[in-house]
1. In terms of the ratio Rg/(2.2 N^0.38 Å) built on C-alpha atoms, what value belongs to region 232-305?
2. Probe of 1.4 angstrom, ligands and nucleic acids ignored: what's the accessible area per residue over region 36-108, in square angstrom?
3. Between their Cα atoms, which of LYS12/LYS98; LYS87/LYS108; LYS66/LYS176; LYS12/LYS87; LYS25/LYS108 are more than 23 Å away from each other?
4. Could you sort TYR170, TYR365, TYR46 by their accessible area in this structure, using a 1.4 Å probe and putting the largest first?
5. What figure, in Å² to the nearest 10, do you get for the accessible area of LYS25 with a 1.4 Å probe and non-protein molecules left out?
6. Pairs of Cα atoms under 8 Å, at least six residues apart: use those to get the relative contact order of the chain, whole percent.
7. Take ASP106, ASP284 and sort them by solvent-accessible surface of the protein heavy atoms, 1.4 Å probe, largest at the top.
8. Just the number, please: percent antiparallel of the DSSP beta bridges in the chain, rounded to the nearest 5.
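The values are calculated or read from the model by the stated rules, or taken from the named source; none is laboratory data. It should be emphasised that the depicted structure is a prediction, and the values quoted were computed from it without experimental measurement. Cβ sites come from the backbone with ideal geometry, for glycine too, and all protein chains shown count toward neighbours. With ligands, DNA and RNA removed, areas are computed over all heavy atoms of the protein, side chains included. Shrake-Rupley method; radii C 1.70, N 1.55, O 1.52, S 1.80 Å.
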Amino acid sequence: MPTTLDPVQLTKEILRLNTVNPPGKEEACARLLGRILEDAGFTIRYHSFGAERVNLIATIGGVPDKPPLCFTGHIDVVPLGAAAWTKDPFAGETAAGKLYGRGASDMKSGVAAFVVAAAGMASHLARSPGLELVITAGEETGCEGAFHLLQDKVLGRAGAVVVAEPTSNYPFVGHKGAFWLRATATGVTAHGSMPDKGVNAIYKAARAVGKLEAFRFQNPPHDLMGQATLNVGTIRGGLNINSVPDEAVVAIDIRTVPTVNHGALLEDLSRQLAPDVTLEAIMDLEPVYTAPENAWMQSVFDVMTPILGARPAPRVATYFTDAAALNLAYSNPPTVILGPGEPQMAHQTDEYCMLDRIEQSVAAYQEIIRRWCLS
Ligand SMILES: [Zn+2]
């Protein structure tokens with residue numbers, strides 16, 4: 001077996017390719033993975049949406065009566081942050097059972113694990129329902145790569161989705177949605193010494209912000225996810241101290257649960273905040289949720305029980321994933337978030353993942369593939 005098919009080695013190799021986003025530059029990483037999968041017998045498509053911004057779709061097998069199983073993961077990573085690292089973030093150093101580097105947990109270990117799992121089983125999959133591997137660029141800046149895949153209609157079918165984001169190999173049955181809004185207040189500028197000649201956009205935005213702080217969701221809370229949340233993240237307005245500002249913009253981060261209807265929420269907020277601001281959606285990701293009783297989810301729980309030492313309880317992830325975008329194309333198949341990275345290490349200084357979890361996840365993914373494709 002070539003050394004690249006060792007999942008720890010492969011994680012190290014792709015960690016060494018700097019894909020900090022922005023700017024991303026995921027192409028070299030996508031092509032390295034593409035070559036491995038092509039050698040294993042997969043059909044490869046590269047999908048570019050900018051200079052060195054490349055998604056990879058790899059497929060194998062396929063039968064008319066059962067759709068493929070999808071694995072997805074992103075290969076961009078977040079910036080290093082202001083604090084100094086004690087380890088080289090791009091060297092793939094290991095110590096005391098840990099592999100260090102930016103993206104070790106979020107989520108190059110997860111991508112390496114499913115690539116190795118899939119490549120290792122490829123010779124058995126040609127006449128099976130098959131696999132669709134969706135390796136995305138630009139996830140960390142709002143699922144950019146995944147949205148390009150949607151827009152350009154390059155995705156095939158998927159009957160179930162495994163998102164290899166960091167979960168310490170604990171299967172999560174979903175995550176909240178992200179509904180990001182921009183509220184714009186407009187006014188009329190005038191000299192700061194004559195405010196009565198103008199209309200102050202900041203006052204309008206401030207009234208809207210006050211209402212947003214007091215806003216309460218009316219939907220019933222979700223069993224596992226609880227209630228939706230709303231946070232005003234940024235506010236900006238005005239050009240200088242001695243003018244009446246004619247524009248102010250507020251950015252609102254809403255995390256939704258399956259009992260929230262995004263369209264109805266936008267209408268409701270627009271009504272409540274009118275006429276001070278107008279609202280527009282700048283990102284619209286629905287929650288991802290599969291009922292724990294779902295037969296496939298139960299089968300994933302079966303696979304994970306011996307690995308975790310106990311049967312998993314239904315839990316949800318705190319972050320959102322590309323699945324929210326991909327599932328628009330796949331018509332919401334059952335989706336599990338399951339990956340070897342440590343969720344609390346995502347975006348941290350001295351990010352690491354546990355070496356033994358990488359090996360465990362390859363075994364788990366292969367069993368999930370076997371049950372979908374070969375039984
Ligand atoms: Zn991630």
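1. 1.79
2. Value returned for region 36-108: 39 Å² of accessible area per residue.
3. As for pairs spanning more than 23 Å Cα to Cα, those are LYS66/LYS176.
4. From most accessible down to least: TYR46, TYR170, TYR365.
5. Accessible area of LYS25: about 100 Å².
6. Reported as a whole number, the value is 25 percent.
7. From most exposed to least exposed: ASP284, ASP106.
8. That works out to approximately 75 percent antiparallel.
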